[in-house]
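Undergrad: Below is one structure. I have some questions about it.
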Amino acid sequence: MRAVFVDGDAASGRIYERLARAGDPPVHIHLDPDVDPKTIPDVLAGAEIAIIDHSYLPTDVAKCCAGLKHVVFLGTGARSYMNPEELADIGIAVHTIKGYGDTAVAECAMALMWESARGIARMDREMRNGAWLRTESMQLTGKTLGLVGYGGIAAEVARMASGIGMKVLGWNRTAKTAANVTFVDIDTLLKESHVVSMHLLLNDETRGFLSAQRISAMRKGAILVNTARAALVDEAAMIAALKSGHLRHAGLDVYMVEPLPDDHVLKTIGNVTLSAHSAFRTPEASDNLIAASLEHCRRIAKG
């Protein structure tokens, strides 16, 4: 049995080499992080396992991948890049990985929250262009943070936010309890939170969860942070709320189209901080992620 990392790079290849054990299924690193989905059948060349980080795998392309039986997706958001149910119907199982970068993503969410509150990135840009921009910022201590969805990442955000003196509200699709978090209905969370941070998995039920109606129900002047999936939020409604000032700022690490196109309106709005889908990118998280993918390969090889 053989695996191919479809959209790998030299750095990830070195991690695979370092973490591999004797007897592991061989993993070939295809050194092209921007692979054209149409070429994936040739890239796999009959391999039974495809390891995918961020490439789209349309079902009609998967049908042309002779021998493909398993996709190991490096993360939890496989649905953004493929249709797991359709792949299952043609005999291809999709395996995802969670928990590998909870702390890394939580730290990024906190960083986006701090930046959105203080406007440091904008001041930096303006100063480099010769301007001396001084604006009124938001003090986060004593403010309310609302976590939409409560899994491992949100739990880490809650721990960090509690440590700086924020009140933390949570909403989850199933009942949860946690120290220092008050769980409320979604309407209460949106109404009371100075900062709303998205932590839902993307599926048919959560797509567009933060709708135009829910955005309008948010506290005026609130900050929105999204390190989860862009499709959880009505993008047009978010942009309108940012332009009108209903939302103070948005700190975003995820987008409907990635990389973000040069002419995208988000690049023209001053009260947005943009991060290049890099929330999990730390050495610790990368090791955890690749180690988990190797465990998937070992388990698959053993049947």
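Undergrad: Regarding segment 146-162, can at least one residue be identified that is in contact (Cβ under 8 Å) with a residue 24 or more places away in the chain, outside any loop (DSSP other than H, G, I, E, B) and over 30 Å from Ser293 (Cβ atoms)?
TA: yes
Undergrad: Test Ala106 against the stated conditions and say whether it is out of contact with any helix residue (DSSP H, G or I) (no Cβ under 7 Å at 6 or more places or on another chain) and among the aliphatic types (A, V, I, L, M). First the steps, then the outcome.
TA: On the way: out of contact with any helix residue (DSSP H, G or I) (no Cβ under 7 Å at 6 or more places or on another chain): no; among the aliphatic types (A, V, I, L, M): yes.
Criteria not met by Ala106.
Undergrad: If you check Ser193 against the conditions, is it buried (at least 22 other Cβ atoms within 10 Å of the Cβ), in the same structural domain as Ile215 (by TED's automatic domain parsing) and among the hydroxyl-bearing types (Ser, Thr, Tyr)? Step through it out loud before you land on a result.
TA: On the way: buried (at least 22 other Cβ atoms within 10 Å of the Cβ): yes; in the same structural domain as Ile215 (by TED's automatic domain parsing): yes; among the hydroxyl-bearing types (Ser, Thr, Tyr): yes.
Spelling it out, Ser193 is indeed buried (at least 22 other Cβ atoms within 10 Å of the Cβ), in the same structural domain as Ile215 (by TED's automatic domain parsing) and among the hydroxyl-bearing types (Ser, Thr, Tyr).
Undergrad: Just to be sure I understand the filter: pairs with C-beta atoms under 8 Å, separated by 6 or more residues or on different chains, first member in segment 252-263 and under 19 Å from Val35 (Cα atoms) and not assigned by TED's automatic domain parsing to the domain that holds Tyr56, second member of a type in the set (D, E, K, R) and outside any loop (DSSP other than H, G, I, E, B). Which pairs pass?
TA: Pairs found: Met256/Glu235; Leu260/Lys267.
Undergrad: Look through segment 254-289, keep the residues that are polar (S, T, N, Q) and more than 17 Å from the chain's Cα centre (by Cα), and return whichever of them is surrounded by the most Cβ atoms within 10 Å (Cβ to Cβ). Walk me through it before giving the result.
TA: Start the filter on segment 254-289 by keeping residues that are polar (S, T, N, Q), which leaves 268, 271, 273, 275, 278, 282, 286, 288.
After this cut, where a residue has to be more than 17 Å from the chain's Cα centre (by Cα) as well, the list is 268, 271.
Numbers: Thr268: 10, Asn271: 15.
Ranking the candidates gives Asn271 first.
Undergrad: Being within 18 Å of Val157 (Cα to Cα) and β-branched (Val, Ile, Thr) is the filter; apply it to segment 92-130 and report the residue that is surrounded by the fewest Cβ atoms within 10 Å (Cβ to Cβ).
TA: Of the residues in segment 92-130, the ones within 18 Å of Val157 (Cα to Cα) are 98-117.
In the following step, the residues that additionally are β-branched (Val, Ile, Thr) were identified as 103, 105.
Working: Thr103: 20, Val105: 25.
Looking at residues that are within 18 Å of Val157 (Cα to Cα) and β-branched (Val, Ile, Thr), I get Thr103.
Undergrad: All but one of (1) modelled with pLDDT of 95 or more; (2) under 30 Å from Asp102 (Cα atoms); (3) among the charged types (D, E, K, R) hold for Lys63; which doesn't?
TA: (2)
Undergrad: Sticking with this structure for a sec: Scan segment 114-153 residue by residue and report those that are more than 27 Å from the chain's Cα centre (by Cα) and β-branched (Val, Ile, Thr).
TA: Answer for segment 114-153, where residues must be more than 27 Å from the chain's Cα centre (by Cα) and β-branched (Val, Ile, Thr): just Thr135.
Undergrad: Does any residue of segment 187-196 turn out to be under 23 Å from Lys98 (Cα atoms) and not in a loop (DSSP other than H, G, I, E, B)?
TA: Among the residues of segment 187-196, at least one is under 23 Å from Lys98 (Cα atoms) and not in a loop (DSSP other than H, G, I, E, B), which makes the answer yes.
Undergrad: Failed condition for Tyr56, given (1) within 21 Å of Pro25 (Cβ to Cβ); (2) assigned to a loop (DSSP other than H, G, I, E, B); (3) touching a helix residue (DSSP H, G or I) at 6+ places or on another chain (Cβ under 6 Å), with all others met?
TA: In the conditions (1) within 21 Å of Pro25 (Cβ to Cβ); (2) assigned to a loop (DSSP other than H, G, I, E, B); (3) touching a helix residue (DSSP H, G or I) at 6+ places or on another chain (Cβ under 6 Å), Tyr56 misses (1) alone.
Undergrad: Let me ask you something else. Please state which one of Lys69, Lys63, Lys38 is loosely packed, with under 14 Cβ neighbours inside 10 Å and outside the structural domain of Ala231 (by TED's automatic domain parsing). Spell out the reasoning first.
TA: Numbers: Lys69 fails: loosely packed, with under 14 Cβ neighbours inside 10 Å; Lys63 fails: loosely packed, with under 14 Cβ neighbours inside 10 Å.
Exactly one of Lys69, Lys63, Lys38 is loosely packed, with under 14 Cβ neighbours inside 10 Å and outside the structural domain of Ala231 (by TED's automatic domain parsing), namely Lys38.
The values are calculated or read from the model by the stated rules, or taken from the named source; none is laboratory data. The structure presented is a predicted model; accordingly, all values stated were derived computationally and were not measured. Because the Cβ atoms are built from the backbone with ideal geometry, glycine has one as well, and the counts that use them run over all protein chains shown.
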